[in-house]
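One structure below.
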Amino acid sequence: MHNFVPVADNCSYTQNLQNTEGEFFCLIAEQGHYSGRTKPTTTRQGLYTCTLAGELLASINTRDGNEVAEMMHQALEKWHQKRDRAMEVAPSGYNHELHSNRWEYPEDGLVLNLYARDLLRKSGETDPRWNIDRIWFTKDEVRSLIPRNTITGKNYPIPQHLARRIAKLHLVDIVRGESPRWKNEDLKQVKIGFTAQEIADNRIALRLEGTVQNEAPPILYVNPFNHQKVDMPRGIKLQLLGNLIYNQTTEKFEDFDAIAVGSRWGATAFNARFDDLGPEPIGFAFELASDSMIDRTPPQAILPSYFETV
């Protein structure tokens, strides 16, 4: 791996950018496994290895680690064949700097890992598959979560736009695949709050509790790969519970262990639920993210309007 510089990005977003970042990604992708494709979809999802100048070395779209390793081996061999050539430069006009007008990592805010998986069913069956997302809060948003002069035993609802961001963009059935985020009109009940349990040494022990219920009408979109049609309502009904510790001096959470459990039903075009419409139990787990590069991966729903969700 030390021979490569890893980069993770959301291709659904990047391939539609009208700037040099989007152009550079499309330059690479159009040399790869989905080059020129418009059907069944225009996605450029996958793994690509390339030179700085935009020359593709190898690419693949797979979840098989052995296949990925073989692709990287092929890319490295091709690179070694090129090593006697003069050092390449990026195409004229390409800007190496990140486009900060999209979004910025909340360095002094709150970043959570969110894990989603199916829970034990009445039949006793469990599905080992799971998925992960991230939730971002800016420093000012974190400050707004905890009021000044917090009183023990009192419940404090979190700002509604932040509760709705969690419910709309993150409490989504992504266990097996991708699902569209909920729309504003799908949010039927969103209530999340903290109760201060203990205050000592400038730290507040908080109890998180809440309820989220989302329901969406039938989606008549036809999956272009398997021709399945989602023709029934979908929804999710969850109870949230957690224990948190907030440091009033640093204005940061030192602990954020929470869960959201309940049931989900229905299916979407790409979440592979056509054989499992439910209702069946589902669970989400929240924890503080580390500062490692992998935990700095942006939320799946990242857009310039992410922090403006209402």
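Where a number appears in this text, it was derived from the coordinates with a stated rule and is not lab data. It should be emphasised that the depicted structure is a prediction, and the values quoted were computed from it without experimental measurement. Note that each Cβ is placed from the backbone with ideal geometry, even for glycine, and that neighbours are counted across all protein chains shown.
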Which residues' amide hydrogens lie under 5 Å from the amide hydrogen of Val222, considering only partners 5 or more residues apart or on another chain, with H built in the peptide plane?
-> none
Picking from Gly124, Gly242, Gly153, which is most flexible by a Gaussian network model of the chain using Cα springs under 10 Å?
-> Gly124
Along the charge dipole of the chain, Cβ charges K/R +1 and D/E -1, which of Phe137, Asn149, Thr268 sits furthest on the positive end?
-> Thr268
Once Lys and Arg get +1 and Asp and Glu get -1 on their Cβ, which of His227, Phe253, Asn214 lies farthest toward the positive end of the dipole of the range 207-265?
-> His227
Go ahead and estimate [θ] at 222 nm for the chain from helices alone: -39,500 (n - 2.57) per DSSP H run with n ≥ 4, summed, over the residue count, rounded to 500.
-> -4000 deg cm²/dmol
Over the Cα atoms of the chain the radius of gyration and the largest Cα-Cα distance (Dmax), both in Å, equal 22.1, 70
So how strong a dipole does the range 232-310 carry about its Cα centre when Lys and Arg Cβ are +1 and Asp and Glu Cβ are -1, to the nearest 20 debye?
-> 400
Only Cα pairs under 8 Å and at least 6 apart count here; give the relative contact order of the chain as a rounded whole percent.
-> 15
About its Cα centre, how strong a charge dipole does the range 180-286 have in debye, to the nearest 20, once Lys and Arg get +1 and Asp and Glu get -1 at the Cβ?
-> 380
Given charges at beta-carbon only (K, R positive; D, E negative), |dipole| of the chain in Debye | 840
What is the helix-to-structure angle for 65-81, meaning the angle in degrees between its Cα long axis and the longest Cα principal axis of the chain, kept from 0 to 90 and rounded to the nearest 10?
-> 40
Signed unit charges on C-beta, dipole axis of the range 1-81, positive-most listed residue Ala58, Ala75, Gly46 = Gly46
Per residue of the range 271-282, in order, report the coupling 6.51 cos²θ - 1.76 cosθ + 1.60 (Karplus, θ = phi - 60°) as ³J(HN,Hα) in whole Hz, putting x for Gly and Pro.
-> 9, 6, 10, 4, 9, 8, 6, x, x, 9, x, 9
